[in-house]
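K.L.:
Could you have a look at this structure, given as structure tokens, before my questions?
The values are calculated or read from the model by the stated rules, or taken from the named source; none is laboratory data. Because the structure is a prediction, the values reported are computed rather than measured. So basically every Cβ, Gly included, is an ideal-geometry build from the backbone, and we count neighbours across all protein chains shown.
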There are 2 protein chains.
Amino acid sequence: MKNPIITLLNPPKISATYSVVGHKEAEGPLGNLFNEVCDNDKFEKETWEQAESEMQLRAIKGAIKSAGLQETEIDLILAGDLLNQCVGSNYALSSIDLPFVGLYGACSTCALGLAIGSCLYNGKILDTCICATSSHFCSSERQFRFPLEYGGQRTPTSQWTTTGAGAFALGKEGTVKITEILFGKAIDKGITDISNMGAAMAPSAIDTLKRYFQNSSHSPDYFDLIVTGDLGYEGSEILKDLLLGEGVDIRKNHVDCGLMIFDREGQDAHAGGSGCGCSAVVMACDIIPNLEKGILKDVLFVGTGALMSPISVFQGSSIPAISHLVHLSRG
Amino acid sequence: MKNPIITLLNPPKISATYSVVGHKEAEGPLGNLFNEVCDNDKFEKETWEQAESEMQLRAIKGAIKSAGLQETEIDLILAGDLLNQCVGSNYALSSIDLPFVGLYGACSTCALGLAIGSCLYNGKILDTCICATSSHFCSSERQFRFPLEYGGQRTPTSQWTTTGAGAFALGKEGTVKITEILFGKAIDKGITDISNMGAAMAPSAIDTLKRYFQNSSHSPDYFDLIVTGDLGYEGSEILKDLLLGEGVDIRKNHVDCGLMIFDREGQDAHAGGSGCGCSAVVMACDIIPNLEKGILKDVLFVGTGALMSPISVFQGSSIPAISHLVHLSRG
């Protein structure tokens with residue numbers, strides 16, 4: 001059987017990253033690492049949905065500028081978000097005169113965009129692209145759970161959707177390469193609790209990591225970090241426990257973007273952060289800069305997405321999830 | 001400036017197509033060409049959303065079987081639909097043990113999937129993939145406009161969402177190649193009428209076709225057909241008129257999937273068909289078989305999508321649209 005891991009012989013480099021966040025993220029452990037912060041989370045817009053689009057637009061423009069490029073030098077933008085019909089991305093992109101590919105993978109979309117962008121670069125379909133994702137606590141709560149005005153009590157397993165947008169410029173310049181890709185499968189283990197995305201997503205992360213280590217010559221120890229985004233506390237514990245049962249021990253080098261972005265106790269973030277923007281801003285502000293500095297050398301980034309629809313859950317369906325894997329390597 | 005048209009030097013072939021539709025589509029002009037019909041549109045499921053997933057699942061499995069392949073021989077499935085969080089695809093794919101890339105481009109998703117799949121094949125990222133999309137009249141009406149039970153009067157410009165799913169196997173076997181790709185831009189000309197998707201989408205089709213003919217050595221006459229999907233009557237008229245004003249005359253060879261699938265007068269379909277499934281089933285049952293038979297030789301397929309969100313429209317935003325182009329060639 002063919003190896004499902006895609007090895008890129010002409011790997012793209014990450015030429016620039018850019019992160020834009022809201023006030024809670026700026027107050028968290030990574031607070032001084034973000035490129036841009038909006039103190040009232042509104043980004044000078046009238047609705048939360050427009051605020052999210054503005055945030056994504058700023059991240060895209062920031063990444064283009066940080067890479068020292070002009071908009072006309074970008075071949076393609078790959079973008080997605082959590083909102084119905086991906087309007088966070090659609091409205092951001094309707095302000096930019098560039099070709100656009102819309103992706104949907106819930107919180108795995110950041111990894112999915114990097115994966116597809118890397119494959120297109122590898123095959124010389126494009127020379128430079130931008131991969132961007134966003135999420136906004138207020139637009140997500142309204143859409144997926146309760147209106148903020150309701151003031152509902154959050155359960156301990158619930159994650160706090162990150163208000164943030166991250167963008168990555170892929171091209172020939174840079175020190176961090178994307179060398180391997182493994183696309184995820186939609187895995188449904190019967191979870192129906194819309195406030196426990198960690199439990200819904202963990203089985204898909206297990207499937208992807210298990211397939212990776214079954215088909216790779218590398219063991220988990222090879223990697224400085226195995227970064228999931230965003231399983232939160234519940235999902236991370238499930239992932240580490242069940243993978244150990246499968247003979248894959250990632251306890252020493254696993255981190256989760258949802259656990260990095262907030263101080264769970266001090267910031268009342270329950271099981272941690274989540275959202276398309278969470279892994280995007282953590283990768284953009286912390287993990288990739290640490291690869292660039294040489295503090296890290298090899299990182300597996302596993303974007304984990306709960307393909308959750310309130311309508312389907314109300315109809316009695318459970319929540320499938322998907323996890324896409326990207327291997328980042330310095331030098 | 002670099003040519004934005006992507007020419008595939010290692011183009012994939014369409015190894016098989018498969019179309020599954022509901023009763024109204026089966027009563028239309030293409031009624032005897034579909035692979036599978038469900039007379040009550042429910043596909044033995046309890047909800048319209050589940051019916052849509054089942055329809056997409058049948059299309060994917062049908063395409064794999066028609067291509068003479070086993071599921072284990074498929075490297076990747078690229079799929080999308082109109083439903084919030086793309087649940088039509090997510091639930092279909094959670095029944096299939098294969099890697100999955102989720103796409104969102106509204107009704108342009110069929111062309112987007114063929115475009116991305118072709119680029120990945122061209123770059124030897126994969127040997128075989130399935131591109132699939134679906135839409136369902138009943139799940140779409142509920143989500144985008146009114147519950148069916150309300151029995152609202154439809155405006156003359158409104159399109160009828162096709163109940164249908166189409167799937168395409170791309171690989172090395174077949175007589176029809178995908179030779180060129182042009183990714184669309186998100187174009188917003190200020191349309192706010194959620195019952196006039198044709199007017200919202202036409203400007204993006206104009207942008208894509210104008211950019212194609214500005215950068216291609218081919219003139220419109222080179223093509224046996226220029227197929228849009230799905231502008232309907234309103235959008236098709238706008239497209240032909242405004243493109244003519246730009247010096248591009250497609251009046252002789254333009255057809256629209258939304259105008260092909262229903263008998264507008266006899267079937268009370270107003271401005272014609274629409275939906276992710278419309279262009280998918282028309283391409284699968286009619287256009288591609290006619291390329292295979294040699295009745296057609298070169299076809300431009302322009303998938304047109306209105307990136308419409310009811311929430312954004314209620315908030316006063318207008319409707320951006322996007323059109324992705326695929327050049328199909330026999331032999």
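K.L.:
Give me the helices (runs of 4 or more DSSP H) completely within the stretch A:231-331, filtered to those with at least 1 residues that are within 14 Å of chain B (Cβ to nearest Cβ) and out of contact with any Phe, Trp or Tyr (no Cβ under 9 Å at 6 or more places or on another chain), ordered by residue number.
P.N.:
Output list reads A:276-282, A:310-314.
K.L.:
Identify, please: which residue in the stretch B:310-331 is surrounded by fewer than 24 Cβ atoms within 10 Å (Cβ to Cβ) and of a type in the set (S, T, N, Q) and is, among those, farthest from B:Ala280 (Cα to Cα)?
P.N.:
B:Gln315
K.L.:
Would you say B:Leu296 is within 19 Å of B:Asp230 (Cα to Cα) and modelled with pLDDT of 95 or more?
P.N.:
Here the answer is no, as B:Leu296 does not meet what is asked.
K.L.:
Only one of these conditions is not met by A:Ala106: (1) hydrophobic (A, V, I, L, M, F, W, C); (2) away from chain B (no Cβ under 12 Å); (3) under 14 Å from the mean Cα position of the chain (by Cα). Which number is it?
P.N.:
Of (1) hydrophobic (A, V, I, L, M, F, W, C); (2) away from chain B (no Cβ under 12 Å); (3) under 14 Å from the mean Cα position of the chain (by Cα), only one is false for A:Ala106: (2).
K.L.:
Give the residues of the stretch B:227-259 that are at negative phi, under 16 Å from the mean Cα position of the chain (by Cα) and crowded, with 21+ Cβ neighbours inside 10 Å, sorted by residue number.
P.N.:
Those that are at negative phi, under 16 Å from the mean Cα position of the chain (by Cα) and crowded, with 21+ Cβ neighbours inside 10 Å: B:Val227, B:Thr228, B:Gly229, B:Asp230, B:Leu231, B:Gly235, B:Ser236, B:His254, B:Asp256, B:Cys257, B:Gly258, B:Leu259.
K.L.:
How many residues, within the stretch A:114-127, are in contact with a helix residue (DSSP H, G or I) (Cβ under 6 Å, 6 or more places away or on another chain) and either more than 7 Å from chain B (Cβ to nearest Cβ) or among the polar types (S, T, N, Q) (or both)?
P.N.:
Total satisfying the criteria: 1.
Each row is one residue, and each column tells you yes or no for (1) more than 8 Å from chain B (Cβ to nearest Cβ); (2) of a type in the set (Phe, Trp, Tyr).
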residue: A:Gly80; (1), (2): no, no
residue: A:Leu93; (1), (2): no, no
residue: A:Leu112; (1), (2): no, no
residue: A:Cys129; (1), (2): yes, no
residue: A:Phe146; (1), (2): yes, yes
